[in-house]
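Below is one structure, written out as structure tokens; comments come after it.
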Number of protein chains: 2
Amino acid sequence: MTSISPDRRGFDSALDPSAEQIRDMVAHAVDWVAAYHDSVRDLPIAPRTSAAGLKDLLAEPLPVEGRDFADLLRVFREVVVPGTRHNGHPRFFGYVSAPGTAVAAVADLLASTLNANLTAWRSAPAPAELEHVVIDWIKEALGCDPGAGGLLTSGGSMANFTALAAARHRHCGDTVATHGMAAHPAPLRVYASTETHHSIHKAAALLGIGRTNVREIQVDAHFRMDVDALVRTIEEDRIAGAEPFCVVANAGTVVTGAVDPLADIAAVARGYGLWMHVDACYGGFARLAPSTRPLFDGLSEADSIALDPHKWLYLPADCGCLIYRDPEAARPAFSLDADYTRVMQTEPAEAFAFWDYGPDLSRRFRALKVWMTLAHAGSRAVGDAIESNIDCARHLAELIDGSDDFELLAPVELSIFCFRYLPPSAQAGSRSQTDEEQLDRLNERIMAVLQQGGSSYLSNATINGRFALRGCVLNYRTTRHDMQILLDDVRRAAEQVAEETHP
Amino acid sequence: MTSISPDRRGFDSALDPSAEQIRDMVAHAVDWVAAYHDSVRDLPIAPRTSAAGLKDLLAEPLPVEGRDFADLLRVFREVVVPGTRHNGHPRFFGYVSAPGTAVAAVADLLASTLNANLTAWRSAPAPAELEHVVIDWIKEALGCDPGAGGLLTSGGSMANFTALAAARHRHCGDTVATHGMAAHPAPLRVYASTETHHSIHKAAALLGIGRTNVREIQVDAHFRMDVDALVRTIEEDRIAGAEPFCVVANAGTVVTGAVDPLADIAAVARGYGLWMHVDACYGGFARLAPSTRPLFDGLSEADSIALDPHKWLYLPADCGCLIYRDPEAARPAFSLDADYTRVMQTEPAEAFAFWDYGPDLSRRFRALKVWMTLAHAGSRAVGDAIESNIDCARHLAELIDGSDDFELLAPVELSIFCFRYLPPSAQAGSRSQTDEEQLDRLNERIMAVLQQGGSSYLSNATINGRFALRGCVLNYRTTRHDMQILLDDVRRAAEQVAEETHP
């Protein structure tokens, strides 16, 4: 390869570097990339830092003159990396967080270089086809019908929002899109269990449906929607003159990982003519794990399914996904008409526009990292990794069941576990309300000490009113051994809290 | 660096490769990255391909077994790259499309490796601080007040949507968020010029406001909003019982690049208590170019400004941005309350959550590529590149003015130009309606032939009812010489069309 002669260069070399300069930047970057993957297991998970300290190191006025990439990479390595939480650490169990894969990061380098914009087929034919391919792969992983279709999104919140927008449009027709919700005076009702992710309520607020029109349905002892209660609530609403239009089922709730009885909910949705949406952002890909596959019976009957490949496909953020059982039912909610969106192709596959199926116009080439990760690993290895994550959570539950100083607070359904530490005084006999509140405070303090310690990281949840240490195994690096280390780390944190309290 | 011994590995090497394997993947990838930057000037801009042909090459069932990265990179190089449009080519003038910078692509490799999730400060302290830094830089570039704040978004459509949601919430209070738009029966009204991007109408439809409640205000000969007409329409609506709540001004319309009279519109917004939103997605960063800076007087008075760093900061998709003059006015429209979003820090800067200011929860580390591009190039070089793009558009206008066979259809305000080819028969005398329609068809055919030719690429627009060849210079690689080549390419396309018609 020859480098470009100066007279062919449009502009400044920082904006338009030579091939040699690009090779040099990437060579320095890959030193860090490889070292990071090599060392992430040994880093303290959470940084000890402060907003004021970071501002001192990072804030400056907009620089007039540029500076070397090497200097920027130094700031990245010395300030940014030590100043963040390491979501790829095998004992980062907080929230629902994936490590990312190396091949996906390389795919992002390629995607940002090519800079395809997946507004429509005509703007990026091969990248658009590749998005169709990975959507088909995801459909296959979920057991969806061949006629289903969909698109990648910025994340699960946007996928849930988009699904609710499509559901409303099917119910209301174009009246609401044209004249607003004021033209549809009867209140619309969405049904979802008490365990549903807040993004559903946020979507209802943004869409003008209103948060209180998300009716919360009680759950059983496994935190799964009570389908009889769903039916009762729908009937009550109909009698009161409200209009049920959508039921949201969970395939992996955010707190405990519960999968609602999808086939039963699908039957109710059919019976009442409701749009069935499944929030499978966390759990959906567990259909690839043999031991949990039966939980997803009925999933393919959903009108829409929200997923997060940036969760259990191990991809780096951002990559959400929305699957429609009948994409043409969703299209009128989003399609628009303007000169700059006028599509001149007559072949339907070439007239295809992603903007007809969601709110975005410009769209990054996210499909490349999905394709590269799935094609590089294969579905068997991904399924095995998911199964192994689930096995880790079950193993932890066994360790807890076999211990005196820990108590499980919810059943392990997929790879989420909720538990608490019990000091010797709480290990036998009944507990008063005061005892329970002390346990809440103790475990909250244990969580803070654990997070500061850097070896293991849990987040919090409330289970039946009690403070729970909550973890989610969502990392191909995590092993059974890590679960033992986690419990040892929690015990050490508990000792430290005990010493603080009674020094 | 030593590679990891097998017993430390959690899983399959395709999911969790060794440092050596990562170096190997990146080494192969960078060969293509460097070659692409070196050769993009010489590639045919648009592919000659078909959906059926690409499907044959790309579609396959979900692979059970994985395959080598080298094989995937081969498919990327041999099928995906030749099968897409090259937005980085210096004569790709379609739509509003940036080339991306090499340093931003490297930043995306780093960001996807670190995989920080910028939900809130606590989840990624240093990345969150870096997002604040780049938001401050963008504020400085726009001349915003120090108290302004904001966040990066997936794109301009989402930034416009988010701004309208905030505007509605300020007007309606929590009633609509809680009970839905049905609880606010008087129709809400948004005002925007006829030249406004369709994402505003789409946002109004999704929010339950309704597309027809976006009142379209007429424009002057420069396609700028007629402020007297704005005032008249607001008055009419108030008398009719509607509730004006928001005015959307354009800083760079999508068709001709017009910048509305921002200071005048700000005065009207103040007078009527309206939220003023500016869609500056295309044009906002032209405030960095000395010759167009005065157009942006009044911008800092806006309540919100939507921007696309993936347009005129030359970044790869996706990177939109939303700036709020008073972030606390926007917060109640988005903030949510759940255990998994419970923030335990008490220091305000450490309790900061991005989810309080927009619809998303998980958020990619987009700030890194903004920071690296601006810090590597410096604002002077970026401003010079923008000025050079504007100069190219003005130069084209001069070439057209000095020619007999081209006609400019709209004034050049920033870097967009709209023109058409005139065959000898149309170069003199008055034209009938039939003549005009023939010119429309001729220029539409010229555009298709030009796009197929691969040397220059224009998209289409309708200007005062007539078909226009439309281009936008948004690439640091583009020079005055490219503008001459463009006109020569259009002439060649016209000759080809003439030969087709009269062989």
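The values are calculated or read from the model by the stated rules, or taken from the named source; none is laboratory data. Only a predicted model underlies this, so the values are computations on that prediction, with no experimental measurement involved. As a convention, Cβ positions derive from the backbone with ideal geometry for all residues, glycine included, and neighbour counts pool all protein chains shown. Areas reflect the complete protein model, heavy atoms only, side chains present, ligands, DNA and RNA absent. Shrake-Rupley method; radii C 1.70, N 1.55, O 1.52, S 1.80 Å.
What the table shows:
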read-out	value
Cβ pairs under 7 Å, 6+ apart, first in segment B:226-248 and of a type outside the set (Gly, Ala, Ser), second assigned to a loop (DSSP other than H, G, I, E, B) and surrounded by fewer than 17 Cβ atoms within 10 Å (Cβ to Cβ)	B:Asp226/B:Gln218; B:Asp226/B:Asp220; B:Glu243/B:Ala186
Lone unmet requirement of (1) farther than 30 Å from A:Arg480 by Cα; (2) more than 7 Å from chain A (Cβ to nearest Cβ) for B:Ser13	(1)
Check on A:Val33, open to solvent by less than 60 Å² (accessible area, probe 1.4 Å), of a type in the set (A, V, I, L, M, F, W, C), at the interface with another protein chain (Cβ under 7 Å from one of its Cβ atoms) and over 30 Å from B:Phe352 (Cα atoms)	no
Search result, residues across segment A:109-134 that are touching a Phe, Trp or Tyr at 6+ places or on another chain (Cβ under 7 Å), in contact (Cβ under 8 Å) with a residue 12 or more places away in the chain, within 23 Å of B:Ala107 (Cα to Cα) and part of a helix (DSSP H, G or I)	A:Leu110, A:Ala111, A:Leu114, A:Pro127
Selection within segment A:20-74 - among the charged types (D, E, K, R) and within 27 Å of the chain's Cα centre (by Cα)	A:Asp38, A:Arg41, A:Asp42, A:Arg48
Residue in segment B:271-287 that is surrounded by the fewest Cβ atoms within 10 Å (Cβ to Cβ), counting only those that are out of contact with any helix residue (DSSP H, G or I) (no Cβ under 7 Å at 6 or more places or on another chain) and closer than 14 Å to B:Ala167 by Cα	B:Gly273
Residue within segment A:458-469 that is surrounded by fewer than 24 Cβ atoms within 10 Å (Cβ to Cβ), polar (S, T, N, Q), under 18 Å from the mean Cα position of the chain (by Cα) and within 12 Å of chain B (Cβ to nearest Cβ) present	yes
Segment A:179-217 - residue that is among the polar types (S, T, N, Q) and within 28 Å of B:Glu243 (Cα to Cα) and, of those, least open to solvent (accessible area, probe 1.4 Å)	A:Asn213
Selected residue (criterion: nearest to the chain's Cα centre (by Cα)) from residues of segment B:196-222 that are closer than 13 Å to B:Thr256 by Cα and within 11 Å of chain A (Cβ to nearest Cβ)	B:His197
Condition broken by A:Tyr476, with the remaining ones in (1) among the aromatic types (Phe, Trp, Tyr); (2) over 30 Å from A:Gly150 (Cα atoms); (3) within 23 Å of the chain's Cα centre (by Cα) satisfied	(2)
Residues satisfying the stated conditions in segment A:145-202, i.e. assigned to a helix (DSSP H, G or I), of a type in the set (Val, Ile, Thr) and in contact (Cβ under 8 Å) with a residue 60 or more places away in the chain	A:Thr162, A:Ile200
Breaking point among (1) at the interface with another protein chain (Cβ under 7 Å from one of its Cβ atoms); (2) in contact (Cβ under 8 Å) with a residue 40 or more places away in the chain; (3) within 30 Å of A:Thr256 (Cβ to Cβ), for A:Thr84	(2)
For A:Glu398: the one exception among (1) within 11 Å of another protein chain (Cβ to nearest Cβ); (2) open to solvent by 10 Å² or more (accessible area, probe 1.4 Å); (3) more than 19 Å from B:Pro17 (Cβ to Cβ)	(1)
Among residues of segment B:458-496, those that are among the β-branched types (Val, Ile, Thr) and part of a strand (DSSP E or B), counted	2
In segment B:345-387, residue most open to solvent (accessible area, probe 1.4 Å) [restricted to those that are of a type in the set (Gly, Ala, Ser), in a helix (DSSP H, G or I) and facing chain A (nearest Cβ under 7 Å)]	B:Ala349
A:Ala183, sole failed condition from (1) among the small types (Gly, Ala, Ser); (2) farther than 25 Å from A:Ser300 by Cα; (3) within 11 Å of another protein chain (Cβ to nearest Cβ); (4) within 27 Å of the chain's Cα centre (by Cα)	(4)
In segment A:116-154, the residues that are out of contact with any helix residue (DSSP H, G or I) (no Cβ under 7 Å at 6 or more places or on another chain) and either of a type in the set (Lys, Arg) or open to solvent by less than 10 Å² (accessible area, probe 1.4 Å) (or both)	A:Ser123, A:Ala124, A:Ile135, A:Ile138, A:Lys139, A:Ser154
Pairs, first in contact (Cβ under 8 Å) with a residue 24 or more places away in the chain in segment B:480-502, second open to solvent by less than 60 Å² (accessible area, probe 1.4 Å) and β-branched (Val, Ile, Thr), C-beta under 6 Å, six or more apart	B:Ala493/B:Ile446; B:Ala493/B:Val449; B:Ala494/B:Ile446; B:Gln496/B:Val449; B:Val497/B:Ile446; B:Val497/B:Val449
For A:Gly320: the one exception among (1) within 9 Å of chain B (Cβ to nearest Cβ); (2) closer than 22 Å to B:Asp16 by Cβ; (3) buried (at least 24 other Cβ atoms within 10 Å of the Cβ)	(2)
Segment A:100-139, residues that are more than 8 Å from every other protein chain (Cβ to nearest Cβ) and acidic (Asp, Glu)	A:Glu131
Filter result for A:Arg445 (crowded, with 24+ Cβ neighbours inside 10 Å and either free of Cβ contacts under 8 Å to residues at least 24 places away in the same chain or not acidic (Asp, Glu) (or both))	no
Lone qualifier among A:Ala269, A:Ala258, A:Ala242 - being within 30 Å of A:Gly471 (Cα to Cα), touching a strand residue (DSSP E or B) at 6+ places or on another chain (Cβ under 7 Å) and either of a type in the set (Gly, Ala, Ser) or not assigned by TED's automatic domain parsing to the domain that holds A:Trp312 (or both)	A:Ala258
Search result, residues across segment A:473-499 that are open to solvent by less than 40 Å² (accessible area, probe 1.4 Å), out of contact with any Asp or Glu (no Cβ under 7 Å at 6 or more places or on another chain) and of a type outside the set (Val, Ile, Thr)	A:Leu474, A:Asn475, A:Asp482, A:Met483, A:Leu486, A:Leu487, A:Asp489, A:Ala493, A:Ala494
Candidate set: segment B:42-73, residues that are at the interface with another protein chain (Cβ under 7 Å from one of its Cβ atoms) and part of a helix (DSSP H, G or I); chosen: the one surrounded by the fewest Cβ atoms within 10 Å (Cβ to Cβ)	B:Lys55
Lone qualifier among B:Ser455, B:Ser430, B:Ser425 - being in a loop (DSSP other than H, G, I, E, B), polar (S, T, N, Q) and open to solvent by 60 Å² or more (accessible area, probe 1.4 Å)	B:Ser430
Conditions (1) surrounded by 24 or more Cβ atoms within 10 Å (Cβ to Cβ); (2) away from every other protein chain (no Cβ under 14 Å); (3) part of a helix (DSSP H, G or I): number failed by A:Ala266	(1)
